[in-house]
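The values are calculated or read from the model by the stated rules, or taken from the named source; none is laboratory data. In this text, all values refer to a predicted model and were calculated from it rather than measured experimentally. Here Cβ is always computed from backbone atoms with ideal geometry, including for glycine, and neighbour counts include all displayed protein chains.
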Amino acid sequence: MSLKVELSHRFGTFALDASFEAPQGVTVLFGRSGSGKTTIVNAVAGLLRPDTGRIAVGERVLFDSTRRVWLPTHRRRLGYIFQDARLFPHLTVRQNLAYGRWFAQKAGRSEDSARVIEMLGIGALLDRRPGALSGGERQRVAIGRALLAQPQLILADEPLAALDEERKSEILPYFERLRDETSVPILYVSHSPAEVARLATSVVALQDGRVARQGSATEVLGDPKVTPLGPGGAGAVLETTVATHHPDGLTELQAGGVQLLVPQVQRPPGAHVRVHVEAQDVMLAIRRPEGISALNVLPARILALRIGDGPGALVQLDVGGNLLLARVTRRSATVLGLRTGQEVFAVLKAVSVAKDGIAGRGILPR
Ligand SMILES: Nc1ncnc2c1ncn2[C@@H]1O[C@H](COP(=O)(O)OP(=O)(O)OP(=O)(O)O)[C@@H](O)[C@H]1O
């Protein structure tokens with residue numbers, strides 16, 4: 001089942017004009033503040049009636065301006081996960097979950113509850129009230145409540161934004177399980193490239209109310225046109241497999257035609273691992289550098305150069321068939337004479353393992 005969205009809406013000078021399809025799995029709406037993410041989510045949720053357009057989940061039409069179809073929120077069969085868990089404070093976890101089931105079209109079977117409780121690891125919390133839960137636990141209960149409503153679509157609006165890094169890495173594996181074990185599409189709003197890298201099946205990059213690009217995390221995050229030019233944020237995703245584990249605690253990953261050395265990844269040789277390399281962690285050299293501590297020095301070719309208005313520039317690289325981004329200063333780009341097609345060396349200062357397929361593990365520390 002997939003979600004199809006075509007929307008046009010005006011708020012004063014802001015014009016939203018976006019079309020995309022969200023297949024099964026996690027589709028991340030990604031973009032700067034004010035690019036239109038929440039407006040889209042609100043339209044899909046039935047909280048905002050757009051000027052024109054059509055929204056459908058599979059064959060079910062939620063909104064169609066030409067046919068004057070507009071289903072109210074409670075008939076859309078949605079699971080909504082907000083930034084703050086929004087549990088009922090006076091109800092126990094068990095009662096909060098039952099509230100989700102109550103909204104299901106057919107009452108959910110008790111095996112469904114058991115499966116969801118097991119999946120989210122909240123069995124020990126059932127008799128507590130939200131006030132006695134950590135932020136991460138509350139968010140797990142909120143995910144459970146959304147799932148038990150037997151939704152046809154899950155909307156997650158920056159569900160991790162209010163959590164600290166530790167809680168984030170506690171919750172991310174549950175979203176991965178949700179992505180891998182349920183068949184409903186999940187529309188997920190995020191500002192965080194690390195979250196996108198880890199979770200996204202598909203990424204819709206929004207810019208000023210329009211879809212700048214849609215594709216896999218690798219395609220979208222590796223495109224310098226859609227990554228912000230401000231400090232931090234940009235980064236590429238590489239799909240790799242574990243080649244071998246070295247006795248000194250490093251793991252060698254095969255990424256297309258190149259090998260990467262990263263801190264040990266607890267996965268067997270042959271396992272698939274997604275890694276996230278932030279643009280600011282990639283340095284460029286026009287000759288192979290010697291005598292440096294960085295372990296990953298990779299031959300690369302410059303595919304594109306994007307010079308911003310500020311002091312920075314983003315360089316898109318082909319590294320053994322992978323797309324990688326490097327952030328350098330404009331001054332360095334000039335001094336090194338960087339140009340499209342040039343052969344250079346990419347020096348990776350840090351590589352985070354963004355997805356290792358094991359629930360319960362976070363992004364490796366640098
Ligand atoms: N009810 C409203 N009335 C007028 N303008 C609005 C309204 N809601 C949103 N806007 C405007 O529409 C634009 C898009 O807002 P939206 O909240 O969708 O962005 P966003 O990408 O979700 O941003 P953020 O990441 O900050 O949440 C902004 O310019 C915002 O000011």
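Here are the numbers for the structure shown:
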{"item": "Of all residues in the stretch 8-26 being within 15 Å of the ligand (Cβ to nearest atom) and of a type in the set (S, T, Y), the one that is farthest from the chain's Cα centre (by Cα)", "result": "T13"}
{"item": "Test: residue in the stretch 215-232 that is touching a Lys or Arg at 6+ places or on another chain (Cβ under 6 Å) and β-branched (V, I, T)", "result": "yes"}
{"item": "Which listed residue, of G222, G233, is modelled with pLDDT under 80, surrounded by 17 or more Cβ atoms within 10 Å (Cβ to Cβ) and away from the ligand (no atom under 16 Å from the Cβ)", "result": "G222"}
{"item": "Condition check for G209: more than 14 Å from V26 (Cβ to Cβ) and within 16 Å of the ligand (Cβ to nearest atom)", "result": "yes"}
{"item": "Residue count for the stretch 21-62, restricted to those that are polar (S, T, N, Q) and either in contact with a Phe, Trp or Tyr (Cβ under 8 Å, 6 or more places away or on another chain) or more than 23 Å from F175 (Cβ to Cβ) (or both)", "result": "3"}
{"item": "Neighbours by Cβ (under 7 Å, 6+ apart or cross-chain): first from the stretch 73-98, of a type in the set (V, I, T); second in a helix (DSSP H, G or I)", "result": "T73/A45; I81/A142; I81/I143; I81/A146; V93/L125; V93/V141"}
{"item": "Residue check for V5: without any contact (Cβ under 8 Å) to a residue 60 or more places away in the chain, surrounded by 19 or more Cβ atoms within 10 Å (Cβ to Cβ) and away from the ligand (no atom under 13 Å from the Cβ)", "result": "yes"}
{"item": "Per-region count, the stretch 47-85, residues small (G, A, S) and in a loop (DSSP other than H, G, I, E, B)", "result": "3"}
{"item": "Test for L97: is it part of a helix (DSSP H, G or I) and either within 22 Å of R179 (Cα to Cα) or within 12 Å of the ligand (Cβ to nearest atom) (or both)", "result": "yes"}
{"item": "Residue match in the stretch 348-362 (condition: surrounded by 15 or more Cβ atoms within 10 Å (Cβ to Cβ) and modelled with pLDDT of 85 or more)", "result": "yes"}
{"item": "Residue check for G121: away from the ligand (no atom under 16 Å from the Cβ), at pLDDT 85 or above and surrounded by fewer than 20 Cβ atoms within 10 Å (Cβ to Cβ)", "result": "yes"}
{"item": "In the stretch 155-185, residue farthest from H74 (Cα to Cα) [restricted to those that are surrounded by 24 or more Cβ atoms within 10 Å (Cβ to Cβ) and in contact with a Phe, Trp or Tyr (Cβ under 8 Å, 6 or more places away or on another chain)]", "result": "P159"}
{"item": "Enumeration of residues in the stretch 35-89 that are crowded, with 20+ Cβ neighbours inside 10 Å, more than 16 Å from the ligand (Cβ to nearest atom) and under 23 Å from the mean Cα position of the chain (by Cα)", "result": "V57, L78, G79, A85"}
{"item": "Of all residues making up the stretch 194-206, the number that are closer than 22 Å to D17 by Cβ and within 14 Å of the ligand (Cβ to nearest atom)", "result": "3"}
{"item": "Residue in the stretch 70-77 that is in contact with a Lys or Arg (Cβ under 9 Å, 6 or more places away or on another chain) and closer than 22 Å to E158 by Cα present", "result": "yes"}
{"item": "Single condition T92 does not satisfy, out of (1) within 15 Å of the ligand (Cβ to nearest atom); (2) in contact with an Asp or Glu (Cβ under 6 Å, 6 or more places away or on another chain)", "result": "(1)"}
